[in-house]
Amino acid sequence: MKKLALILVAAIFLPMTMMAEDFKFGSINAEEVMMLLPEMNDYEKAMTKETEDNKKYLQGLEDEMKQAYEKYQKEKPSMTESIAKMEEEKLVEMQQRAQTAYQTIQTSLQQKQKELLAPMQKKVKDAIDVVGKKNGFTFIFQVGGDILYKSEKVVDVTPLVKKELGILQ
């Protein structure tokens, strides 16, 4: 009976262990690869220009609000109560416009960043796919994920992807 149980256990688990040996795992630091792409310079220049342009616009709004507030403070003693209230409402509206502009700019910058990064991300992803297929990997994981254990059998494919992309260090 013990022999039959042992044979049954072996029959169930032996194929599973043989299958597990056929898996090949790799890891990659895709951020490192992205940072080395030649296109990254163009991305950084475009984002810097966009950021600077937006800073100038926001600074202009801030200067306009500051001037309006200083004018209000200077003229307030000679204003009637109703005119002072209207001027205060204008100042509140200016601040709301500035906040809306800031939020719109933040959203726009995030969209621009996604738009500019997308082709580079696709390029790296395509290179990872090529390396995975060429080298028979079952899975390639991003370094820095929530992997709690990493066997020494896991291959770092970052150098292979860099080579595929023509990025040599």
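The values are calculated or read from the model by the stated rules, or taken from the named source; none is laboratory data. Treat the numbers as computed from the prediction; the structure is a model and nothing was measured. Counting neighbours? That spans all protein chains shown, and the Cβs are built from the backbone with ideal geometry, glycine included.
Pairing residues of segment 9-35 that are in a helix (DSSP H, G or I) with residues that are surrounded by fewer than 16 Cβ atoms within 10 Å (Cβ to Cβ) and at pLDDT 50 or above, at Cβ distances under 7 Å and at least 6 apart in sequence or on separate chains, gives Ala30/Gln142; Met34/Met40.
Per-residue answers, yes or no, for (1) over 27 Å from Asn54 (Cα atoms); (2) surrounded by fewer than 14 Cβ atoms within 10 Å (Cβ to Cβ):
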position: Lys71; (1), (2): no, yes
position: Lys74; (1), (2): yes, yes
position: Ser78; (1), (2): yes, yes
position: Glu81; (1), (2): yes, yes
position: Ala84; (1), (2): yes, no
position: Glu89; (1), (2): no, yes
position: Glu93; (1), (2): no, yes
position: Gln99; (1), (2): no, yes
position: Lys112; (1), (2): no, no
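Does at least one position in segment 119-126 carry a residue that is over 30 Å from Phe139 (Cβ atoms), without any contact (Cβ under 8 Å) to a residue 24 or more places away in the chain and exposed (fewer than 11 other Cβ atoms within 10 Å of the Cβ)? Looking through segment 119-126, none of the residues is over 30 Å from Phe139 (Cβ atoms), without any contact (Cβ under 8 Å) to a residue 24 or more places away in the chain and exposed (fewer than 11 other Cβ atoms within 10 Å of the Cβ). Residue-level analysis places Lys123 outside the set of residues that are charged (D, E, K, R) and farther than 25 Å from Ser27 by Cβ.
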